[in-house]
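Engineer: So that we are looking at the same thing, I have put the structure below in structure tokens.
The values are calculated or read from the model by the stated rules, or taken from the named source; none is laboratory data. Computed from a predicted structure; not experimentally measured. Virtual Cβ from ideal backbone geometry, glycine too; neighbours counted across all protein chains shown.
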Amino acid sequence: MRAIYKIAKTELQMLFYSPIAWLLLLCFVFQTVFFYTGMLEGFVLDVENSGTTYWCSKRLFIMGYGAGSGLWPSVVNILYLYIPLLTMGVISKELSSGSIKLLYSSPISNTHIVLGKFLAMVVYALLLTLILFVYVVFAWCTIDNFEWAWVLTGLLGIFLLACTYMAVGIFVSSLTSYQVISAVGTFIVLMLLGMVSGWGQQYDFVREITYWLGMNGRVSTFIQGMLCSEDLIYFPTVIVLFLMLTIIRLHAIRQKQKFTITLYKNLVVIALVCLVAFVSSRPALLAYADTTSTKSNTLTPVAQEIVGKLEGGLTITSYVNVLDQRYGSYAYPHFIMYNREASRQFTRFKPETKLKVVYYYADPNEGMPGRPSAWQQARQLCEVYEIDSMMLLSKNEVDNMADLASQGYRFVREAVRENGQREWLYDFTGRGLLDEGSTSVALKRMVMEVPKIGFVTGHRERSMYGDVPYNMGYLLTNKWHSTAMVNQGFDLEEVTLDKDIAKDVDLLWIADMRTELTPEEESVLERYIARGGNMIFMGEPSHREAQNKVLGKFFGLELTPLVVGPDVRFKGTLPTANLLAVVPTRAGKELLPQLKTTYRIVHENCAGIEQVEEKGFKVEAFLETDTIAPVWTELETTDFVDDTVKFNPAAGEISKVFTTAAGLTRQVGDKEQRILVTGDADCLSNNEFVITRGVSAANGNLLAGTALWMTYGELPLDMRRPDTKDSSVSISMAWYRVFKAAFKFGLPILLLGCGVFIWFRRRGR
């Protein structure tokens with residue numbers, strides 16, 4: 001140990017007696033200070049202008065402020081530029097000057113030499129880390145509720161990365177006596193370590209090893225605030241690998257060993273590393289620690305509970321159609337390992353989960369005139385992507401495995417339990433990710449009963465089917481739309497009022513009923529309401545006569561005529577007068593949590609809701625017209641494109657604040673019955689306004705909030721996380737400028753002074 005210490009001390013003295021070490025430190029400080037102060041200034045300006053900011057820790061160190069990246073990713077991007085220049089002469093200078101022979105003649109082993117030089121490099125890495133730690137301490141002192149654990153986890157990753165780079169540099173330095181070649185060689189090896197994860201992915205065993213050896217993304221896990229045992233093992237293992245290769249190399253030079261013997265030793269070391277790689281990456285052996293305050297890298301407690309109830313085996317199979325237009329996102333063979341990473345959030349809590357990927361070819365439009373066969377298309381694609389076409393399953397073969405015809409032969413995952421239960425898992429990201437929300441919902445259907453929606457038909461109501469972004473079907477049954485009710489865990493079926501509503505219907509939905517109910521149908525509806533069934537009743541001013549008879553009889557409500565108001569916020573949209581801006585009330589925000597952050601909801605052709613009779617329900621307004629612009633019941637104008645609407649009290653028009661969505665509650669036995677009434681049947685989605693009008697709104701929050709309220713918090717799954725509290729910076733702009741100057745000039749001057757002091761001390765000797 002003493003020998004290692006002496007070699008390290010000597011190496012450090014030589015390093016800091018040369019200008020290269022100080023020059024690299026100065027360059028590192030200049031670059032990092034530029035990144036750091038630029039982002040910090042944005043937070044200070046936010047606080048001075050608006051009194052607050054948000055996600056200070058994350059945006060400063062991880063995500064970045066504005067278009068740039070955070071400090072840690074920026075450091076990772078430049079670190080590889082410094083290390084090769086630092087390590088290029090660690091051993092190569094010994095070889096070129098002949099001083100290596102003096103070391104060989106001394107009673108010092110090759111292991112002592114390598115470990116001593118590596119220890120010196122680790123000290124330098126600690127110095128770089130210390131500079132970065134100064135930024136962390138300053139942020140800690142100036143940002144309220146600073147995410148110190150998260151940020152320090154990222155700093156740990158950077159330190160391990162620097163040490164790994166240095167081990168690589170020492171090894172390359174032992175291969176040549178030319179320092180320039182050593183530096184270039186280190187760049188090349190680091191580049192190869194970034195590329196190796198993509199090598200040999202078509203071979204099962206090779207795939208596991210090369211993917212593990214790849215360095216890309218390893219530090220990102222630390223930066224995101226996640227400590228994983230696989231990554232913690234990776235860096236020391238790679239360090240040991242290159243240090244052992246260096247020791248073997250020096251031993252070969254010292255003993256003039258045969259090439260075959262040296263090769264054998266190298267292969268043994270590499271084989272041991274491969275074994276460590278394979279074992280440490282087994283899902284059952286992985287351990288995790290999420291250092292973020294909100295546990296953003298971990299499944300929410302709701303999702304964890306669902307996964308915990310999945311007893312027995314579980315297999316998730318990804319079906320990839322090579323003729324799918326999005327095939328590039330799931331291309332063979334790279335998607336196989338990516339799929340494992342994309343599923344890690346869930347396999348962390350159920351490590352025995354089996355992941356499979358099936359590649360096949362199927363053309364839903366096969367047989368059309370002039371269209372080549374699916375096999376011809378597949379073979380052509382295989383030539384482009386250099387895939388063995390024989391590995392692909394045919395349409396008939398894959399149809400025997402799963403009902404992919406119902407999925408349009410698009411990319412989809414299927415979860416199959418040991419007991420035979422099956423559920424589709426959709427990729428709404430388009431990037432192959434296993435989304436926490438939609439996946440948890442699908443898995444919940446396997447372990448828990450889910451609510452059923454009965455959608456009333458028979459009176460020209462809106463349809464529950466369709467895939468146009470602004471119709472009702474898009475919100476309810478479109479399986480390719482992430483927020484559709486069918487993807488939020490609900491079962492849906494059409495019901496009629498000519499017979500009693502089934503007992504398993506939890507929520508009755510009536511959307512724009514256009515004709516009156518018969519007395520028999522009213523009786524069916526009355527019995528459903530009497531038993532405490534929940535309901536959504538969506539009205540429209542154009543059909544208010546038929547709808548008011550139901551609303552008045554059962555709830556004591558009625559819809560007003562069309563409510564309008566020429567709002568300047570909708571300037572440029574056509575038509576404008578029948579667009580109505582509303583805001584959530586206090587009761588709406590309390591009962592529908594998604595409305596707490598909703599700034600505006602927009603209606604088109606909306607009626608107001610008024611209580612005309614007491615029916616035993618507590619009636620609370622959820623949405624009300626905005627007081628910014630006057631609104632009234634329009635009884636004259638019907639052309640909202642060419643005509644100008646005007647308030648005319650003489651015609652019976654009324655101007656006031658109107659309720660456009662109301663919640664009704666009452667106690668029925670041990671259950672609170674909940675009813676939602678709206679004056680607009682198109683208010684549950686933003687799509688119509690955003691796509692066709694260019695109007696900014698948050699209507700989708702009303703659908704999510706309503707569903708959560710109707711199911712007593714069961715669905716949609718509440719995947720919200722508490723927001724971070726680091727939303728303020730306790731430093732003024734004046735003091736910021738002082739500290740900025742200290743960082744920009746003080747740190748470099750301090751380093752320069754240390755360098756000059758050591759230089760004078762050396763001359764004095």
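Engineer: Filter the range 338-378 down to the residues that are part of a helix (DSSP H, G or I) and either polar (S, T, N, Q) or closer than 22 Å to M401 by Cα (or both) and list them by number.
Structural biologist: N339, R340, Q345, T347, A374, W375, Q376, Q377, A378
Engineer: Show me the strands (runs of 3 or more DSSP E) entirely contained within the range 436-545 in which 2 or more residues are within 37 Å of the chain's Cα centre (by Cα) and of a type in the set (D, E, K, R).
Structural biologist: Counting at least 2 such residues, we get 491-495.
Engineer: Please enumerate the residues belonging to the range 15-43 that are in contact with a Phe, Trp or Tyr (Cβ under 9 Å, 6 or more places away or on another chain) and among the small types (G, A, S).
Structural biologist: A21, G38, G42
Engineer: Of the residues A607, A704, A621, only one is within 37 Å of the chain's Cα centre (by Cα), at pLDDT 90 or above and under 17 Å from M538 (Cβ atoms); which?
Structural biologist: A621
Engineer: Hey, another quick one. When the residues of the range 548-587 are narrowed to those that are modelled with pLDDT under 90 and in contact with a Phe, Trp or Tyr (Cβ under 6 Å, 6 or more places away or on another chain), which ends up surrounded by the most Cβ atoms within 10 Å (Cβ to Cβ)? Steps first, please.
Structural biologist: Just the residues of the range 548-587 that are modelled with pLDDT under 90, to begin with: 564-581.
Among the residues that remain, those that are also in contact with a Phe, Trp or Tyr (Cβ under 6 Å, 6 or more places away or on another chain) are: 575-579.
Numbers: P575: 17, T576: 20, A577: 20, N578: 22, L579: 24.
Only one residue fits best here, namely L579.
Engineer: Further, regarding this structure: Could you identify the single residue in I158, I170 that is in the same structural domain as V47 (by TED's automatic domain parsing), in a helix (DSSP H, G or I) and touching a Lys or Arg at 6+ places or on another chain (Cβ under 8 Å)?
Structural biologist: I170 is the lone residue from the list that is in the same structural domain as V47 (by TED's automatic domain parsing), in a helix (DSSP H, G or I) and touching a Lys or Arg at 6+ places or on another chain (Cβ under 8 Å).
Engineer: Further question: Provide a single number: the residues in the range 201-228 that are polar (S, T, N, Q) and within 19 Å of L155 (Cβ to Cβ).
Structural biologist: 3
Engineer: So, one more: Filtering the range 632-684 down to residues that are of a type in the set (D, E) and over 23 Å from R600 (Cβ atoms), which residue is surrounded by the most Cβ atoms within 10 Å (Cβ to Cβ)?
Structural biologist: By that ranking, first place goes to E653.
Engineer: Residue by residue through the range 713-740, note down the ones that are touching a Ser or Thr at 6+ places or on another chain (Cβ under 6 Å), within 14 Å of V441 (Cα to Cα) and crowded, with 17+ Cβ neighbours inside 10 Å.
Structural biologist: Of everything in the range 713-740, just one residue is touching a Ser or Thr at 6+ places or on another chain (Cβ under 6 Å), within 14 Å of V441 (Cα to Cα) and crowded, with 17+ Cβ neighbours inside 10 Å, namely L717.
Engineer: Applying the selection to the range 382-422, what residues are within 26 Å of M446 (Cα to Cα), assigned to a strand (DSSP E or B) and in contact (Cβ under 8 Å) with a residue 24 or more places away in the chain?
Structural biologist: Once the filter is applied, which keeps residues that are within 26 Å of M446 (Cα to Cα), assigned to a strand (DSSP E or B) and in contact (Cβ under 8 Å) with a residue 24 or more places away in the chain, the range 382-422 yields V412, R413, E414, A415, V416, R417.
Engineer: When the residues of the range 209-227 are filtered to those that are modelled with pLDDT under 90 and part of a loop (DSSP other than H, G, I, E, B), which remaining residue is surrounded by the most Cβ atoms within 10 Å (Cβ to Cβ)?
Structural biologist: M215
Engineer: Name the residue that is surrounded by the most Cβ atoms within 10 Å (Cβ to Cβ), counting only residues in the range 313-342 that are touching a helix residue (DSSP H, G or I) at 6+ places or on another chain (Cβ under 6 Å) and among the aliphatic types (A, V, I, L, M).
Structural biologist: For the range 313-342, the residue satisfying everything is V320.
So that you can scan it fast, the table gives a plain yes or no per residue for (1) crowded, with 21+ Cβ neighbours inside 10 Å; (2) farther than 30 Å from I387 by Cβ; (3) of a type in the set (A, V, I, L, M):
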| position | (1), (2), (3) |
| --- | --- |
| I143 | yes, yes, yes |
| W150 | yes, yes, no |
| G154 | yes, yes, no |
| G169 | yes, yes, no |
| G200 | no, no, no |
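Engineer: Hey, another quick one. Could you list all residues from the range 150-198 that are under 28 Å from the mean Cα position of the chain (by Cα) and more than 22 Å from L130 (Cα to Cα)?
Structural biologist: Within the range 150-198, M191, L193, G194, M195, V196, S197, G198 qualify.
Engineer: Identify, from the list V657, V677, the residue that is of a type in the set (V, I, T), free of Cβ contacts under 8 Å to residues at least 60 places away in the same chain and in the same structural domain as H481 (by TED's automatic domain parsing).
Structural biologist: V657
Engineer: Could you list, in sequence order, the residues of the range 480-504 that are farther than 15 Å from V524 by Cβ, surrounded by 15 or more Cβ atoms within 10 Å (Cβ to Cβ) and at pLDDT 85 or above?
Structural biologist: The answer is A484, M485, V486, N487, Q488, G489, F490, D491, L492.
Engineer: While we're on this one: Which ones in the range 300-322 are of a type outside the set (A, V, I, L, M, F, W, C) and under 23 Å from the mean Cα position of the chain (by Cα)?
Structural biologist: The answer is T300, P301, Q304, E305, G308, T317, S318, Y319.
Engineer: Does the range 588-609 contain any residue that is in contact with a helix residue (DSSP H, G or I) (Cβ under 7 Å, 6 or more places away or on another chain), surrounded by fewer than 19 Cβ atoms within 10 Å (Cβ to Cβ) and assigned to a loop (DSSP other than H, G, I, E, B)?
Structural biologist: No, every residue in the range 588-609 fails to be in contact with a helix residue (DSSP H, G or I) (Cβ under 7 Å, 6 or more places away or on another chain), surrounded by fewer than 19 Cβ atoms within 10 Å (Cβ to Cβ) and assigned to a loop (DSSP other than H, G, I, E, B).
Engineer: Quick check on the range 254-268: of everything there that is at pLDDT below 80 and not in a loop (DSSP other than H, G, I, E, B), which residue is farthest from V168 (Cα to Cα)?
Structural biologist: Q255
Engineer: Checking T237 against (1) modelled with pLDDT under 90; (2) within 21 Å of V172 (Cβ to Cβ), only one condition comes out false. Which one?
Structural biologist: (1)
Engineer: Filter the range 23-40 down to the residues that are at pLDDT below 85 and buried (at least 16 other Cβ atoms within 10 Å of the Cβ), then identify the one that is nearest to Y82 (Cα to Cα).
Structural biologist: At the first step, the residues of the range 23-40 found to be at pLDDT below 85 are 34-40.
The next check asks that each one be buried (at least 16 other Cβ atoms within 10 Å of the Cβ); those that pass are 35-37, 39-40.
On the way: F35: 17, Y36: 19, T37: 21, M39: 23, L40: 25 Å.
Checked the range 23-40; the qualifying residue nearest to Y82 (Cα to Cα) is F35.
Engineer: Working carefully through the options D427, D467, find the one that is of a type in the set (D, E, K, R) and either closer than 23 Å to R674 by Cα or surrounded by 20 or more Cβ atoms within 10 Å (Cβ to Cβ) (or both).
Structural biologist: On the way: D467 fails: either closer than 23 Å to R674 by Cα or surrounded by 20 or more Cβ atoms within 10 Å (Cβ to Cβ) (or both).
Going through D427, D467 in turn, just one is of a type in the set (D, E, K, R) and either closer than 23 Å to R674 by Cα or surrounded by 20 or more Cβ atoms within 10 Å (Cβ to Cβ) (or both): D427.
Engineer: Output yes when any residue across the range 576-584 is farther than 30 Å from R721 by Cα, part of a helix (DSSP H, G or I) and of a type in the set (S, T, N, Q), and no when none is.
Structural biologist: No, the range 576-584 contains no residue that is farther than 30 Å from R721 by Cα, part of a helix (DSSP H, G or I) and of a type in the set (S, T, N, Q).
Engineer: Quickly run through the range 677-698 and pick out the residues that are modelled with pLDDT under 70 and of a type in the set (V, I, T).
Structural biologist: Result: V690, I691, T692.
Engineer: Applying the selection to the range 423-433, what residues are in a loop (DSSP other than H, G, I, E, B) and in contact with an Asp or Glu (Cβ under 7 Å, 6 or more places away or on another chain)?
Structural biologist: The answer is F428, T429, L433.
Engineer: Let me ask another. Which of the residues spanning the range 354-394 are basic (K, R) and within 24 Å of G420 (Cβ to Cβ)?
Structural biologist: K354, K356
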